[in-house]
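Working notes for the structure below.
Please treat every number below as a calculation from the coordinates, not as lab data. This one's a predicted model, so the numbers in the text were calculated from it and none came from an experiment. Positions of Cβ are backbone-derived with ideal geometry, glycine not excepted, and every protein chain shown enters the neighbour counts.
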Amino acid sequence: MTSPVSGQRPARCQARSSHENLSDSYPADTNTRRQFLGRLGVGGLLLTPLAAALSGCKKGDWPDGMVEIKWDRDVCPRCSMAISDRRFAAELRGGPKDMAVKFDDIGCFTFWIRDNIKSYPWLADPATRMWVADATSKGKEVTWLDPRKAQFITKTSPMGYNFGAVAYPQMGSLDFETMRQHVLAKGK
């Protein structure tokens, strides 16, 4: 569109040649925007690790020293089943190499310790760390207990040993040693 008076296009509509630099026509606005976007990008890259650290981006609430259980992928060393049911999982960790062993059932945990005590004498050491899931845990939130301090109630479990850990004594619950004797007497 041309102006009837001058016969030229208005300045805002004039075509630019291919060699003309865009920043020349809007120097303050474009450079400021580019600087802002550049700073925003660099700032975002610098703040991402900080945000992750401050948000506590863990893949769950694991007690100190416990190795994360990768649900449906980690396999119990005794029965070779994937550890899936969070309410019955167990783990122990210790020895000179800080070995971690994960289980799908407290019965597998009990038999594995019995079968491997000669190969791994550190299993008898009170400093060996042990965890068992609270059988009353709901969904993906698992409460972890020390099995030596937990109580065990009758509850259908993945491998049929039928014990689940709870934090406090309940009617008919057993302590760790009594539960262990029941599991070993039952056999499997």
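Ranking Tyr168, Tyr161, Tyr120 by Cβ neighbours within 10 Å, fewest first, what do you get? Don't skip to the answer; put the middle values down first.
Values: Tyr168 7, Tyr161 23, Tyr120 19.
Ascending number of Cβ neighbours within 10 Å: Tyr168, Tyr120, Tyr161.
Please compute the length gained on full extension between Lys138 and Val67, using 0.36 nm multiplied by the number of residues separating them and subtracting their Cα-Cα distance. Walk me through the numbers before you get to the answer.
On the way: separation 71, 0.36 × 71 = 25.56 nm, distance 2.05 nm.
Length gained, Lys138 through Val67: 23.5 nm.
Going by C-beta contacts inside 10 Å, put Glu177, Glu68 in order with the fewest on the left. It would help to have the intermediate numbers written out before the result.
Numbers: Glu177 9, Glu68 13.
Ranked by crowding around the Cβ, least crowded first: Glu177, Glu68.
How do Leu184, Leu92 rank when sorted from fewest to most other Cβ atoms within 10 Å of their own Cβ? Kindly include the intermediate steps, with their values, before the conclusion.
Details: Leu184 13, Leu92 23.
The most exposed by this proxy come first: Leu184, Leu92.
A 18 angstrom limit on the alpha carbon distance is what I want to check against. Which of Lys70/Lys102; Lys149/Lys186; Lys70/Lys140; Lys140/Lys188 exceed it?
Details: Lys70/Lys102 10 Å; Lys149/Lys186 22 Å; Lys70/Lys140 12 Å; Lys140/Lys188 29 Å.
Checking Cα-Cα distances, Lys149/Lys186; Lys140/Lys188 exceed 18 Å.
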